[in-house]
Structure formats: structure tokens, C-alpha cells
Amino acid sequence: MALREPGPGSGGARDGGGGAGAEGGRDAEPCLALLPWDRFSAWLHCVCVVGFDLELGQAVEVIYPPHSKLTDKEKTSICYLSFPDSNSGCLGDTQFCFRFRRSPGRKVSLCCFLDQLDRDLPVYLKKDPAYYYGYVYFRQVRDKSLKRGYFQKSLVLISKLPYVHLFRTVLKQIAPEYFEKSEAFLEAVCSDVDRWPPPIPGEILHLPIMGIIMKLRIPTYRDKPGTTQIVQNMHQANAQISMALPTVHEVDLFRCFCPVFFHIQMLWELVLLGEPLVVMAPSPSESSETVLALVSCISPLKYCSDFRPYFTIHDSEFKEYTTRTQAPPSVILGVTNPFFAKTLQHWPHIIRIGDIKLPGDVPKQVKVKKLKNLKTLDSKPGVYTSYKPYLNKDEEIVKQLQKGVQQKRPTEAQSVILRRYFLELTESFIIPLERYVASLMPLQKCISPWKSPPQLRHFSQDEFMKTLEKAGPQLTSGLKGDWIGLYRHFLKSPNFDGWFRSRQKEMTQKLEALHLEALCNENLVFWSQKHTEVEAVDLVLKLKNKLLQADREHLPVKTDTLKKLQAHIHDIILALPDDLQDILLKTGTT
């Protein structure tokens with residue numbers, strides 16, 4: 001990824017120091033003109049401390065850096081979402097995460113640069129500008145010196161990035177010490193984060209945090225799905241402790257699905273189709289991990305609907321999501337309050353989980369239960385739904401995971417098996433769609449430099465369905481069942497809409513790039529000499545607009561093509577009379 005050069009007069013990047021930096025054969029930062037806290041902002045929006053006040057209830061006590069902006073509505077959301085429900089009984093230390101809507105109309109620091117980084121990410125890791133994540137480390141311990149008898153406080157990292165494992169690791173390193181040392185320690189932590197290199201996908205990054213250096217790699221869209229590049233532990237000459245993170249975003253998939261793993265295939269279908277799902281759990285830790293596991297099970301497809309790893313009755317969307325006057329929305333909610341067992345009883349699919357513990361024995365088969373049997377949060381764990389899966393059950397994956405439990409296979413290895421299973425299932429499903437959508441692209445010979453780029457052909461559901469007979473999922477999957485019915489349902493879902501819009505945009509940009517290449521391969525100077533001055537000027541202005549579009553929309557065009565087009569523009573202008581040259585040379589860079 002080529003980073004943009006700073007404009008004239010802009011300052012250079014500050015030195016990262018302290019082991020912060022990126023590997024990968026190029027320096028990632030000299031071309032960035034960074035201001036204080038810009039590096040911090042690339043990773044985090046702010047750090048909050050939420051405490052409990054006897055008179056006020058939950059309150060934001062500290063926001064760092066002090067200049068960080070949060071609206072009153074955002075602060076309220078953070079307050080309620082940073083504490084477990086009182087019924088959860090979370091004594092000691094608890095970690096979980098939540099997701100909430102950002103207030104509209106705020107400016108984003110480093111917007112252009114972060115957008116540039118975002119383009120290199122896999123689609124399921126791209127930021128959603130409408131939401132923030134909150135990563136929580138909550139401590140509740142007995143303290144007789146306090147009126148309430150308990151010390152209750154949360155350290156919360158607010159970020160636009162969905163890097164669950166990274167921020168969970170950071171909190172594990174800093175939160176226990178923060179609760180002992182307080183504000184000065186928090187300032188030192190934030191200063192460390194402000195020395196981190198930008199979150200560049202594909203680079204090996206070294207991130208110092210309070211005497212430890214974390215080494216990690218953020219995936220890119222070029223990575224083969226299902227592969228993870230191993231980041232080795234390093235031997236530091238300066239004796240600093242190092243820690244290699246195997247992932248920045250993945251959760252322990254097997255641990256999350258263990259209570260319901262007889263139904264993983266049905267859950268995959270429900271998530272794929274964007275069906276309304278509620279996870280009822282005893283604590284926010286279990287609810288948030290399970291929701292994140294569900295969202296990730298259709299990777300490399302992006303889950304395009306809303307999802308809330310931890311949702312409370314105080315949430316601003318509570319009325320919207322619990323109303324009985326309309327069908328439940330396409331959303332996955334993680335809840336812990338028993339009140340939801342009643343208010344969400346009309347939802348079509350409910351997952352009830354107990355405490356997530358890895359079994360020592362083989363889990364027993366848990367049948368799908370009818371929704372009418374779900375009365376309270378004390379109901380037995382299981383999946384409550386009347387949904388009939390489209391595909392026949394894959395017994396092999398269940399046997400494989402059961403065998404792993406019997407052989408005491410490590411949970412990491414079980415998660416790898418489960419992740420590969422979901423990946424192969426999703427790819428078998430999506431490959432026929434990819435193949436058909438690729439056929440909507442006009443042939444390259446249809447692209448003329450003297451006409452507008454041709455349009456993509458219209459997506460026809462009937463036409464696509466006909467392709468499945470010979471080029472359907474049966475080519476890559478042995479699973480039997482009603483694949484046609486599954487596709488028909490999927491084509492009406494938000495996940496299809498999001499996926500197709502993304503592919504449409506990519507292909508339209510590819511057509512624009514091919515049109516630019518076709519223009520570059522023409523002798524434009526010769527053409528301009530054969531036409532009137534008015535037509536030549538019109539051509540120059542159109543070519544300049546093309547260059548602006550290529551830059552604005554980040555079209556997949558080679559640098560050589562852009563340079564060639566700039567040379568064409570320059571040559572055409574030089575062949576015009578002096579007065580026109582002066583005007584055209586002033587109307588933008590050639």
C-alpha cells in the first residue's frame with residue numbers, strides 16, 4: 001500500500017522509539033505528518049473509567065486524553081454498558097465487550113489516512129463508521145470502607161476497531177495495575193499507545209505497553225482465507241518482555257459454541273440469513289464472546305446487520321428492538337438480564353447458554369426446544385426455535401469435535417477445526433454466487449476509450465438459480481439438502497445486499513480503471529490535433545476529472561497508467577495556443 005506524501009510544509013512523523021514500529025521491508029511512517037495523539041487516535045478514540053456513585057449510579061469519572069469528545073448520549077451508553085447487570089454477580093475481575101451507535105455528525109481525525117488503511121483489510125474487519133466498540137475490564141471486590149460494601153469500577157477502551165483479542169490483551173496487562181496506581185498510570189499507558197505505529201494491515205507491528213512489547217500482524221484482504229501468518233516471539237536485546245499475539249480479532253470459537261455445538265450448522269444458517277437472534281447468558285463475558293463467535297462464523301463473508309455483544313434495558317435501541325408491533329429486526333443481541341426472557345419471548349430464535357466451561361466429558365445431545373418452553377433465564381441451556389434447517393446435518397464435524405473432547409485435544413486446536421469447517425461451508429455457498437456475479441462484467445473488448453465505461457449486467461435471480469445445476473455448491477461440498485431454498489432466502493437478506501453492493505462497487509471501479517487504461521493506450525495528442533480547440537479543451541478537462549476520480553475513489557489503477565495519462569494531458573495542452581495553455585495549466589495539476 002503506497003501511503004500518501006505530505007503536502008508542502010507539513011511536518012514529518014515523530015520517532016516511534018521504545019521498540020514501536022513495523023517490519024516488512026519498508027518504513028510505514030515517514031510519509032505521515034502526524035500530530036500529537038494522532039497515533040493514539042488511529043487505535044483508540046479514548047479511555048474511560050466508569051465508577052459507581054451511590055447517588056448518581058454509574059458515572060464516567062475519567063476520559064483520557066482529556067480532549068477526547070463524547071456526546072452525553074455516548075457517555076450514557078458507555079456508563080450502562082460498562083457494568084454487568086446486578087443479577088450477573090460478577091465478583092472479582094471480568095472482561096467483556098460491547099458495541100454502540102456513535103452520535104452522527106462528528107469529524108474523524110486522520111480520516112483519509114485511516115480510510116486508506118481500511119481498504120487493505122478483509123471485508124469483515126473493516127470499520128463501521130456508525131459504531132464504537134467498548135472493551136471492558138470490570139472489577140468488583142468487597143471493600144468495607146465503602147458505603148456500598150463493594151469497590152466497583154470499569155476501565156474501558158473505546159475504539160472503532162474490532163480487534164477484540166488485541167484490546168482484551170492490552171486490558172489484561174494494564175487494568176490490574178491501574179486499579180492500584182490510578183490516573184498517573186493511565187496517562188503513561190496512553191502515552192505508550194501514542195508511540196504505536198499505525199495499524200497497517202500485513203505489517204508485523206511492535207506495540208509497547210508498560211514495559212512489554214506486543215508483536216502482531218493485522219490481516220489483509222490478500223491473505224488466503226483461513227490462514228494465519230505465525231508471529232514468532234522475539235528475543236529482545238534490551239531485555240524487554242515480548243508477547244506474540246496469534247490473532248488480533250478472533251475469539252475462542254470452540255469454547256463459545258461448546259454449549260450448543262450440536263446445532264452449529266443450524267446457527268451458521270441463521271447468521272448467514274440475517275435472522276433475529278438472542279443470546280441469553282449468565283454474564284456479559286459469555287454473551288459478548290458468543291455473539292462475536294456467531295458473527296465470525298460466516299467469515300470471510302461480512303455480517304452486515306447490527307449486532308450487540310452486550311445489550312441492556314437502558315440501551316437507546318431497547319424500545320426499537322423489543323417492540324411487538326413489528327417483526328423483530330435483523331440483529332444479534334447478547335443479554336444477561338432475566339427481564340429479556342419475557343420482553344424478547346416473541347423473537348424467533350433464542351440461544352440460552354449457561355456458564356461456559358470446557359467439558360471434561362463428551363457433551364450430551366441437546367435437542368432444539370420450542371419457544372413456548374422459554375419462560376425465564378433459568379430455563380435449560382439450548383436453542384429455542386421452530387426453524388427447520390435447509391441443509392442436512394453434517395454428523396462428521398460433530399463426531400470430530402466429540403473425539404477431540406474425549407482425547408482432551410486443546411481448545412485452540414478444536415477452534416481451528418471449527419473455524420475451518422465454517423470457512424469451507426461459507427466458501428462452498430458463496431463460490432457459485434461469485435462465479436455468477438463475475439459473469440455480469442462486460443468483456444474487455446466492449447470498453448472503448450471514446451465512450452463511457454459499459455454498465456454491469458443486471459443480477460437475475462432466475463438466471464443465477466439455473467447456474468446451480470452444473471456449477472452449484474455440490475462441486476465443493478458433500479452436504480445434501482435444499483441448497484436452492486437456502487439461496488432464495490439468502491438473496492432477500494441484508495448479508496446478500498451488503499455482499500452484492502461491495503462486489504458491484506469493486507467491479508464498477510475495475511471498469512473505470514480499464515477505461516483509463518484504454519485512454520492511455522490511445523494517441524490522444526494526434527486525436528486532439530485532428531479536432532477543434534474546443535474539443536481538445538473538453539478532452540483535457542475530462543481527462544483531469546478522470547485523474548481526480550481515480551484519486552478520490554482509489555481506483556485499482558497502476559501508477560504508470562496515471563503518469564502516462566498526466567503526460568498525455570501535458571502534451572495536449574502544449575499543442576494548444578499560449579492563452580489556452582495558461583488557463584488549463586492553472587485549472588489543477590497536470
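The values are calculated or read from the model by the stated rules, or taken from the named source; none is laboratory data. All values reported here derive from a predicted model rather than from experimental measurement. A quick note on method: Cβ atoms are made from the backbone with ideal geometry, for glycine too, and the neighbour counts reach across all protein chains shown. Note: accessible area is taken over every heavy atom of the protein model, side chains too, but ligands, DNA and RNA are not part of it. Shrake-Rupley method; radii C 1.70, N 1.55, O 1.52, S 1.80 Å.
Just the residues that are crowded, with 19+ Cβ neighbours inside 10 Å and not aliphatic (A, V, I, L, M), please, taken from the stretch 204-214.
If the condition is that a residue be crowded, with 19+ Cβ neighbours inside 10 Å and not aliphatic (A, V, I, L, M), then His206, Pro208 are the ones that fit.
Pick from the stretch 307-337 the residues that are of a type in the set (D, E, K, R) and in a loop (DSSP other than H, G, I, E, B): which of them is most open to solvent (accessible area, probe 1.4 Å)?
If we take residues in the stretch 307-337 being of a type in the set (D, E, K, R) and in a loop (DSSP other than H, G, I, E, B), then Arg324 is most open to solvent (accessible area, probe 1.4 Å).
For the stretch 114-125, check the following and say yes or no: at least one residue is surrounded by 15 or more Cβ atoms within 10 Å (Cβ to Cβ) and of a type in the set (S, T, N, Q).
yes
Can you tell me which residue in the stretch 565-575 is nearest to Gln116 (Cα to Cα), limited to those that are surrounded by fewer than 17 Cβ atoms within 10 Å (Cβ to Cβ) and under 43 Å from the mean Cα position of the chain (by Cα)?
Taking the candidates together, the pick is Gln566.
At least 1 residues that are open to solvent by less than 20 Å² (accessible area, probe 1.4 Å) and within 30 Å of Cys256 (Cα to Cα) in each: list the helices (runs of 4 or more DSSP H) lying fully within the stretch 392-481 that qualify.
The qualifying helices (runs of 4 or more DSSP H) are 395-406, 411-438.
Residues being touching a helix residue (DSSP H, G or I) at 6+ places or on another chain (Cβ under 6 Å) and modelled with pLDDT under 90: count how many of those fall in the stretch 317-333.
Residues in the stretch 317-333 being touching a helix residue (DSSP H, G or I) at 6+ places or on another chain (Cβ under 6 Å) and modelled with pLDDT under 90: 1 in total.
Suppose we filter the stretch 334-353 for residues that are polar (S, T, N, Q) and at pLDDT 95 or above; how many remain?
Total meeting the criteria: 0.
Among the numbered criteria (1) open to solvent by 10 Å² or more (accessible area, probe 1.4 Å); (2) more than 30 Å from Lys480 (Cα to Cα); (3) at pLDDT 90 or above; (4) in contact with a Ser or Thr (Cβ under 7 Å, 6 or more places away or on another chain), which one does Asp252 miss?
(2)
Consider only pairs whose beta carbons are under 8 Å apart and that are at least six residues apart or on different chains; among these, list those whose first residue lies in the stretch 159-173 and is farther than 16 Å from Asp194 by Cβ and whose second residue is among the basic types (Lys, Arg) and open to solvent by 10 Å² or more (accessible area, probe 1.4 Å).
Lys160/Lys127; Pro162/Lys127
Of everything in the stretch 153-188, what is at pLDDT 90 or above and charged (D, E, K, R)? Give them in sequence order.
Within the stretch 153-188, Lys153, Lys160, Arg168, Lys172, Glu177, Glu187 meet the criteria.
Out of Pro129, Pro225, report the one residue that is more than 17 Å from Glu250 (Cβ to Cβ) and surrounded by fewer than 21 Cβ atoms within 10 Å (Cβ to Cβ).
Pro129
Go through the stretch 547-564 and give me each residue that's under 31 Å from the mean Cα position of the chain (by Cα) and under 17 Å from Ser528 (Cβ atoms).
Matches in the stretch 547-564: Leu547 only.
Of the residues that sit in the stretch 230-249 and are modelled with pLDDT of 65 or more and open to solvent by 60 Å² or more (accessible area, probe 1.4 Å), which one is farthest from Ser159 (Cα to Cα)?
Ranking the candidates gives Ile241 first.
Can you tell me which residues in the stretch 168-203 are open to solvent by 20 Å² or more (accessible area, probe 1.4 Å) and touching a Gly at 6+ places or on another chain (Cβ under 6 Å)?
Scanning the stretch 168-203 gives a single hit, Arg195.
For the stretch 154-167, does any single residue satisfy the condition of being over 30 Å from His554 (Cα atoms), in the same structural domain as Leu91 (by the TED database) and open to solvent by 60 Å² or more (accessible area, probe 1.4 Å)?
Within the stretch 154-167, none of the residues are over 30 Å from His554 (Cα atoms), in the same structural domain as Leu91 (by the TED database) and open to solvent by 60 Å² or more (accessible area, probe 1.4 Å).
Please work out which residue is nearest to Leu245 (Cα to Cα), limiting yourself to the stretch 169-201 and to residues that are of a type in the set (D, E, K, R) and out of contact with any strand residue (DSSP E or B) (no Cβ under 6 Å at 6 or more places or on another chain).
Lys172
Residues that are in contact with a Cys (Cβ under 7 Å, 6 or more places away or on another chain) and either within 30 Å of Gly202 (Cα to Cα) or at pLDDT 90 or above (or both), at least 2 per element: which strands (runs of 3 or more DSSP E) completely within the stretch 53-152 meet that?
Once the strands (runs of 3 or more DSSP E) in the stretch 53-152 are filtered for at least 2 residues that are in contact with a Cys (Cβ under 7 Å, 6 or more places away or on another chain) and either within 30 Å of Gly202 (Cα to Cα) or at pLDDT 90 or above (or both), what remains is 57-64, 131-142.
Which condition breaks for Ala518 when tested against (1) open to solvent by 70 Å² or more (accessible area, probe 1.4 Å); (2) touching a residue at least 12 places away in the same chain (Cβ under 8 Å); (3) of a type in the set (A, V, I, L, M)?
Only one criterion is unmet by Ala518, namely (1).
Taking only the stretch 190-219 into account, find how many residues are in a loop (DSSP other than H, G, I, E, B) and on the phi < 0 side of the Ramachandran plot.
Selection size over the stretch 190-219: 11.
Yes/no matrix, rows are residues, columns are (1) modelled with pLDDT of 85 or more; (2) closer than 19 Å to Asn521 by Cα; (3) open to solvent by less than 40 Å² (accessible area, probe 1.4 Å); (4) not assigned by the TED database to the domain that holds Gln116:
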residue	(1), (2), (3), (4)
Ala536	no, yes, yes, yes
Lys544	yes, yes, yes, yes
Leu547	yes, yes, yes, yes
Leu555	no, yes, yes, yes
Pro577	no, no, no, yes
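Find the residue count for the stretch 484-502, including only residues that are open to solvent by 30 Å² or more (accessible area, probe 1.4 Å), more than 16 Å from Ile298 (Cβ to Cβ), touching a residue at least 12 places away in the same chain (Cβ under 8 Å) and not aliphatic (A, V, I, L, M).
1
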